[in-house]
Amino acid sequence: MNQSSQSGRLSLWRAAFVVARRDFTAILFSRAFIFFLLGPLFPIVVLVLASTVGAQVQTSAITADVGVAMQGDDVDAMLAARNDLASHIGPAIPPMVELKRLEPGESFDARAVLEGREGSLAAIVTGTPENPELTAPAGNLARWEGTIAMIAAGASRAEPAAYPHVTTSAVATSGASENRGRLGTAQSGQLMLFLLIMLLASMVLSNLVEEKGNKIIEILAAAIPMDAVFMGKLFAMLAISVFGIAVWGTAGATLLALGGRSLSEFANPGVGWPLFFTLGALYFGMGYLLLGSIFLTIGSMAPTVRDVQTMAMPATMTQVLVFFFASLAVTRTGEWIEYAAIVFPLSSPFAMLARAALDEAIWPHVLALGWQLVCVAVFIKVGAGLFRKKVMKSGPQAVRQRPRGLALIVSMFRNGSDKPA
Amino acid sequence: MLGLYREQMDNATSDTTGLAIEVRGLVKRFDDTLAVDGVDLSVKRGSIYGILGPNGAGKTTTLRMILGIIDPDAGMRRVLGHKDPQDVARLIGYLPEERGLYPAMKAYEAIAFMGALRGLPLAEGRRRGRELLENHDLGHAADRQIRQLSKGMAQIVQLLGTLVHDPELVILDEPFSGLDAINQGKLEVLIRSLADKGTTVIFSTHVIAHAERLCEGIAIIAGGKVPFAGRVDDARDRIPAQVRLETSASEGPWKAALPQETRRVGQFWYFPLPETGIEPLLRALIDGNAGIQSLSIERAGLHDAFVAIAGEAAAADLVTRPLSEVA
């Protein structure tokens with residue numbers, strides 16, 4: 001060991017560990033961490049409430065009865081035929097209500113009743129079962145014409161219909177359903193990955209603001225490489241995220257098991273479930289580090305928490321765009337758009353997880369993970385360099401040249417604390 | 001692990017110059033502002049060295065370049081015998097001008113964390129943290145969070161964090177600001193004790209009294225330049241001693257013997273001590289019947305020297321710099 005390594009600053013990894021250890025324990029033992037763990041419960045509760053209320057609203061909103069106005073026996077026959085048909089076909093058969101039992105020769109103005117907009121009537125059947133007459137808005141005519149014909153056929157005394165019992169025999173899957181199922185697994189995996197990364201990667205936006213606000217950043221910069229500060233912060237948040245996911249995953253799996261649900265309801269992914277989960281974890285890590293390193297850089301340029309909060313929305317929208325891009329690629333396997341999604345670093349984890357669901361090959365994942373790792377290293381290096389250059393200086397800054405690209409974002413966050421020393 | 005750490009520290013540096021810091025022609029420009037313009041410094045090992053300058057003179061930027069936080073645009077720096085300050089980062093303790101600690105950390109943990117950044121094992125840092133706090137009358141605050149401490153106490157905690165890893169070189173940026181008079185006195189004692197142990201201490205300040213009491217050497221920075229670097233006495237000598245004369249006669253031929261720069265304040269006459277000494281002047285005053293009531297020679301203080309040197313440099317800077325750099 002030479003002199004420099006003995007007395008020089010800590011190695012990159014050791015320094016990153018010192019920072020990560022501090023951040024990890026600070027977050028884990030903070031009171032706010034319990035809210036972090038409970039966080040996913042809130043959207044679930046909102047989702048359940050929304051779906052319950054929505055379902056009730058939908059049920060009441062779309063209840064549409066078909067009224068019957070015929071002579072007494074015909075009304076009974078129509079209602080009986082409707083119920084018989086509904087028992088075989090189900091909710092596709094609209095509810096049918098008795099409007100009026102007509103005396104022989106009595107007429108009924110169905111159009112006037114419908115235009116009166118009373119009750120929940122969507123259509124009215126008059127005439128006889130042998131010669132039914134349907135009155136309804138144009139859209140409903142096309143929709144129910146066939147159904148009313150079937151009911152009328154069942155009610156007709158001339159030739160009563162009989163519906164034979166159908167014996168059913170189920171098979172596990174078919175070629176078409178296997179492909180469709182894998183696509184579903186791919187999309188579900190992508191969605192889960194997106195939700196987790198969106199929830200967690202955005203948290204690093206404000207990660208360096210504490211150090212800048214507390215002026216600790218100068219102590220860190222004097223002692224250890226700035227790359228190590230970035231890496232330490234990213235890996236601490238990654239560890240916190242993994243901790244959270246482990247808790248949520250265990251809770252979710254327990255709930256699914258209690259509810260009698262299992263993975264067998266999903267189609268087997270191409271690489272098999274164990275490897276799919278392993279790759280999912282790896283791609284989560286990579287996706288998190290890739291997006292996180294960019295967010296950390298952007299956040300590090302922001303002088304105040306308020307600026308970070310302002311940046312949260314465009315950052316989230318960027319993630320959504322990346323997700324849409326990767327989602328589109330799933331439907332275009334083998335085309336250039338899929339390869340573009342795989343090569344573009346930010347969408348690569350999403351695209352590759354989908355590929356793991358759709359395809360058996362493993363070697364592309366080795367390549368992709370290597371590529372993503374290189375990109376993470378580059379992003380951290382560039383981010384730390386920008387931070388050193390733009391923030392860790394003591395002289396006043398002013399915009400001297402036309403900003404371009406990332407420099408434009410950087411220029412938005414000129415460090416307000418800069419002043420001549 | 002601790003044994004290895006100590007061994008590494010003992011074997012870490014050796015240079016033959018006897019200088020802890022040697023800086024030549026450091027230049028740093030921020031966009032179109034020239035913050036540091038050719039700074040030269042030489043700081044002896046084991047000495048206490050002051051960097052004096054008005055606000056915005058370039059003190060902090062110079063210190064940041066010495067520490068390797070930022071790189072100079074031009075010039076050479078050698079810290080503890082190494083060209084790259086990062087090669088000796090574990091031997092340096094640094095207290096920045098703008099203090100900062102994690103508010104939720106306990107005091108002894110904060111000290112241990114700062115030690116860990118300089119390679120000190122965490123457990124040893126915690127032990128030393130408690131010990132340092134005890135030794136500085138803050139043992140009762142060891143388990144309190146930083147946010148629960150007063151500003152002065154937090155500042156002492158950060159200072160102890162700067163020293164926890166037994167650095168060879170301690171750089172303190174405006175260490176006295178924010179401290180009350182009692183703690184300023186304690187800090188002076190601490191700085192002297194560090195130097196007694198052989199630690200090199202460099203601190204920046206714009207309060208001259210601290211430098212006058214503590215420093216063997218000083219550098220005055222003004223407008224990014226160093227118009228003076230050397231011993232405190234040499235700085236004082238830049239300004240000639242002042243003679244204060246009180247006479248019973250207000251007029252007479254003796255007045256012709258007074259130097260041209262003489263000014264009168266009340267019943268006293270003030271003028272610089274002539275280069276020929278006081279005796280010829282004294283004889284002329286007696287021969288001219290001045291009626292000498294009192295005569296004393298007052299040596300210039302560092303404050304006067306600083307004001308004169310920094311003022312001259314600032315004035316020269318205004319004349320020579322392009323307007324864009326002065327603004």
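The values are calculated or read from the model by the stated rules, or taken from the named source; none is laboratory data. What you see is a predicted model; the values in this text were computed from it and never measured. Note that each Cβ is placed from the backbone with ideal geometry, even for glycine, and that neighbours are counted across all protein chains shown.
Summed over the range B:136-169, the residues that are in contact with a Pro (Cβ under 7 Å, 6 or more places away or on another chain) and of a type in the set (Val, Ile, Thr) give a count of 1. Residues of the range A:374-384 that are small (Gly, Ala, Ser), out of contact with any helix residue (DSSP H, G or I) (no Cβ under 7 Å at 6 or more places or on another chain) and touching a residue at least 24 places away in the same chain (Cβ under 8 Å): none at all.
What's the number of the condition residue B:119 fails, among (1) within 14 Å of another protein chain (Cβ to nearest Cβ); (2) exposed (fewer than 15 other Cβ atoms within 10 Å of the Cβ); (3) in a loop (DSSP other than H, G, I, E, B)? Result: residue B:119 passes all but (2). Candidates in the range A:196-215 are the residues that are in contact with a helix residue (DSSP H, G or I) (Cβ under 8 Å, 6 or more places away or on another chain) and within 14 Å of chain B (Cβ to nearest Cβ); of these, the one that is nearest to residue A:245 (Cα to Cα) is A:207.
Within the range B:185-202, residues that are touching a residue at least 12 places away in the same chain (Cβ under 8 Å) reach partners that are surrounded by fewer than 16 Cβ atoms within 10 Å (Cβ to Cβ) with beta carbons closer than 7 Å, at six or more positions or on different chains, in the pairs B:188/B:213. If only residues of the range B:83-96 that are more than 7 Å from chain A (Cβ to nearest Cβ) and surrounded by 19 or more Cβ atoms within 10 Å (Cβ to Cβ) are counted, the one that is nearest to residue B:175 (Cα to Cα) is B:95. Restricting attention to the range B:27-73, and to residues there that are farther than 24 Å from residue B:207 by Cβ, of a type in the set (Val, Ile, Thr) and in a strand (DSSP E or B), which single residue is farthest from the other protein chains (Cβ to nearest Cβ)? The selected residue is B:27. The number of residues in the range B:8-21 that are assigned to a loop (DSSP other than H, G, I, E, B) and either buried (at least 19 other Cβ atoms within 10 Å of the Cβ) or at pLDDT below 80 (or both) comes to 6.
Here's a check for you: in the range A:217-259, which residue that is outside any helix (DSSP H, G or I) and within 14 Å of another protein chain (Cβ to nearest Cβ) is farthest from residue A:291 (Cα to Cα)? Taking the candidates together, the pick is A:224.
Screening B:105, B:114 for residues that are in contact with a helix residue (DSSP H, G or I) (Cβ under 6 Å, 6 or more places away or on another chain) and farther than 25 Å from residue B:66 by Cβ leaves exactly one candidate, B:105. Residue-level check: of (1) surrounded by 24 or more Cβ atoms within 10 Å (Cβ to Cβ); (2) part of a loop (DSSP other than H, G, I, E, B); (3) at negative phi, residue B:110 misses just (2). Checked against (1) in a helix (DSSP H, G or I); (2) under 21 Å from residue A:214 (Cβ atoms); (3) more than 12 Å from chain A (Cβ to nearest Cβ), residue B:143 passes all but condition (1). Name the one entry in B:77, B:130, B:24 that is more than 10 Å from chain A (Cβ to nearest Cβ) and either in a helix (DSSP H, G or I) or more than 24 Å from the chain's Cα centre (by Cα) (or both). Result of the check over B:77, B:130, B:24: B:130.
Condition first: free of Cβ contacts under 8 Å to residues at least 12 places away in the same chain and either of a type outside the set (Lys, Arg) or more than 13 Å from chain A (Cβ to nearest Cβ) (or both). Can you find one or more residues in the range B:165-174 that meet it? No: zero hits.
Is the range A:21-43 home to any residue that is modelled with pLDDT under 80, under 30 Å from residue A:82 (Cβ atoms) and in a loop (DSSP other than H, G, I, E, B)? Scanning the range A:21-43, I find no residue that is modelled with pLDDT under 80, under 30 Å from residue A:82 (Cβ atoms) and in a loop (DSSP other than H, G, I, E, B), so the answer is no.
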